[in-house]
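The structure that follows is given in the form of C-alpha cells.
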Amino acid sequence: MTHQTQQPDLQHIPVLLDETLNWLTQSGLVEAQAGIFVDATFGRGGHSRGLLERIGPDARIIAIDQDAQAVAAGESMAKEDQRLSVVKGRFSDLARTLDSMGIESVVGVLLDVGVSSPQLDDPQRGFSFKTSGPLDMRMDPQQGESAAQWLNTAFEADIVRVLREFGEERFAKRIARNIVANRPLQTTAELADVVSAVIPRRAQPAKHPATKTFQAVRIFINRELDELKEGIESAFSVLCQGGRLAVISFHSLEDRIVKQRFRELCNPPPMPRRLPIANASMQVQAKAIAGPIKAGMAELARNPRARSATLRVIEKVGESG
Ligand SMILES: C[S@@+](CC[C@H](N)C(=O)[O-])C[C@H]1O[C@@H](n2cnc3c(N)ncnc32)[C@H](O)[C@@H]1O
C-alpha cells in the first residue's frame, strides 16, 4: 500500500516547455551553446532543468525567484549542476542583479510569470480558497503587507478599485462592503465565504465565486502587473543583439501588457517629420519571433493549469545596451 500523506503535492509542471526552450535557444545570431541565460522565475526549475539539457558545457543559467522556497529548491539543483546559479530577488531588479554579478549581457531571458503550483497548493501560503490557511498571498512573505493586513485596514473604495482593476469583478462593490463588515479576516476560508455570500447564485460561474477576488488581491499584494512591466524593461535592457526574451503570461491583464510592449518594441510609432533627433523609443528595437502560442490538447490533458498560458517571444535587434 502506498503511504498516504496530508501534505499537498508541491510539484510544478512547467508549461509550454518545448515551445519556450526551442524559441529561446534558436536565435541564429547568438551562441546559445556558450551564452548566459536568465530564468527569472525559477519556481521549481522545470524550465531551467530543460534548458540545462540543451545548452553547452560553457553556458550558464542565472535563476531568480523572490520566493525563498523556490530559491532553496534551486540551490539544491545548483549543487548537481554548476552551470546554474540561483539568486533571491525580483525580476524587476534583473539588470541590477546581473550587474552585481559582473554580467553585462545575456543571450536569453525567460519570464514565466504568476504563481507556481507549490505556492497555490500549500494552504500555509494563503493563496488557496479550496483549503483554508492564513490570509497571506505574498510570494515573498518577508516583504510588504499580507493580504489580511491590507484587507483589514484598506478603505472600502480601494478594495473596490483593486477588485475591478485586477479581477474584473462586476460585484466588486458588494464584495468590498461585505469584507469591511466582517473585518478582521484571518483565513482564506473567511475571505472566500464573505465573497460567496454576496454573489447571487444565478451569477456564479462554473469557477469558485471567489476566484476573481483572490486573483485581484494576489495581483495587488505582489504588484504583479508593475513587476511585469518593469521586468520586461529590465530583461530587454540586458539582452545582447540577437538575444531573446520569452514571456509566458496567465491571464488577459498580463498578456495585454506583454503584447503591447512587444508591439511597441517591434513596430514603434512613425517618427514625427520635424523631430531633429531620433528617439530610441521610435526605433525598431526588436523583431517578433513567436506568439501568441497556447498549449495543445496533449499538454492540456497532462496539465490543466496550462490552459490560460500564452507564450510570446521577441529578439533584440540593433546595438545592445
Ligand atoms: C509560474 S512559476 C514559474 C515556474 C517555473 N518556470 C517552473 O517550471 O518551475 C512563477 C515563479 O515566479 C516567481 N515570481 C513571480 N513574480 C516574481 C517577481 N516579480 N520576481 C521574482 N520572482 C517572481 C514566483 O515566486 C514563482 O516561483
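Read-outs throughout are calculated quantities, based only on the coordinates presented, and are distinct from any laboratory measurement. What you are looking at is a predicted structure, and each value in this text was computed from that prediction instead of being measured. Here the Cβ is made from the backbone with ideal geometry for all residues, glycine too, and neighbour counts use every protein chain on show.
How do 302-311, 74-83, 219-228 rank on mean C-beta neighbours within 10 Å, highest first?
Top of the packing list down: 219-228, 302-311, 74-83.
Give the cross-link partners of Lys294 among the lysines, using a straight C-alpha distance below 18 Å as the criterion and excluding same-chain residues fewer than 8 apart.
Lys259
Note the angle between two axes, namely the Cα long axis of helix 224-238 and the longest principal axis of the Cα atoms of the chain, as a number of degrees from 0 to 90, rounded to the nearest 10.
Compared with the principal axis, the helix lies near 10 degrees.
Can you figure out the FRET efficiency of Ser237 with Glu168, using R₀ = 25 Å and their beta-carbon distance, to the nearest 0.05? Mind dumping the intermediate values first?
On the way: r = 31 Å, r/R0 = 1.24.
The computed FRET efficiency comes out at 0.20.
If you don't mind, another one. Excluding residues fewer than 8 places away in the same chain, name every one of the lysines whose C-alpha is closer than 19 Å to that of Lys207.
Within reach: Lys130.
Calculate the spin-label point distance for Gln260 paired with His208, positioning each point 7 Å from the Cα along the beta-carbon direction, and give it in nanometres.
With each label placed 7 Å out from Cα toward Cβ, I get 3.0 nm.
Determine, for His208, His12, the number of other Cβ atoms within 10 Å of each Cβ, and report the residues in order from fewest to most. Intermediate results must be reported in sequence, preceding the final value.
Details: His208 15, His12 23.
Final ranking by Cβ density, sparse to dense: His208, His12.
Calculate the spin-label point distance for Asp226 paired with Glu53, positioning each point 7 Å from the Cα along the beta-carbon direction, and give it in nanometres.
About 3.9 nm, to one decimal.
I need Ser85, Ser116 ordered by Cβ neighbour count within 10 Å, fewest first. Before the final figure, lay out each step's value.
On the way: Ser85 16, Ser116 28.
Placing the least packed residue first, the sequence is Ser85, Ser116.
If you take every DSSP beta bridge whose two residues both sit in the chain, what share of them, in percent to the nearest 5, is antiparallel?
On the way: 12 of 30 bridges.
Just about 40 percent of them are antiparallel.
What order do you get for 130-138, 34-42, 95-103 when each peptide is scored by the mean count of other beta carbon atoms within 10 Å, highest first?
On the way: 130-138: 18.9, 34-42: 25.3, 95-103: 14.7.
Final packing ranking: 34-42, 130-138, 95-103.
When Trp150, Trp23 are ordered from fewest to most other Cβ atoms inside 10 Å of their Cβ, what list results?
Working: Trp150 18, Trp23 23.
By the 10 Å Cβ count, ascending: Trp150, Trp23.
Report relative contact order for the chain in percent, whole number only (criteria: Cα-Cα under 8 Å, sequence separation at least 6). Kindly include the intermediate steps, with their values, before the conclusion.
Values: 575 pairs, mean separation 61.0, N = 321.
Value for the chain: 19 percent.
Modelling each spin label as a point 7 Å along the Cα-to-Cβ direction, I'd like the Lys130/Gln11 distance in nm, to one decimal.
1.5
Output the 0 to 90 degree angle, nearest 10, between the alpha-carbon long axis of helix 172-181 and the longest principal axis computed from the alpha carbons of the chain.
That works out to roughly 60 degrees.
Can I ask one more? Taking R0 as 30 Å, what FRET efficiency do you get between Ala157 and Arg201 from their Cβ-Cβ distance, rounded to the nearest 0.05?
Working: r = 27 Å, r/R0 = 0.90.
For R0 = 30 Å, the calculated efficiency reads 0.65.
Something else now. Order of 236-248, 154-166 by packing, highest average Cβ count within 10 Å first?
Details: 236-248: 23.5, 154-166: 17.3.
Final packing ranking: 236-248, 154-166.
If you don't mind, another one. In whole angstrom, how long is each semi-axis of the equivalent ellipsoid of the chain, when you take the square root of 5 times every eigenvalue of its Cα gyration tensor and sort them from largest down? Each step should come with its number before you reach the end.
Details: eigenvalues 249, 125, 63 Å².
In descending order the semi-axes read 35, 25, 18 Å.
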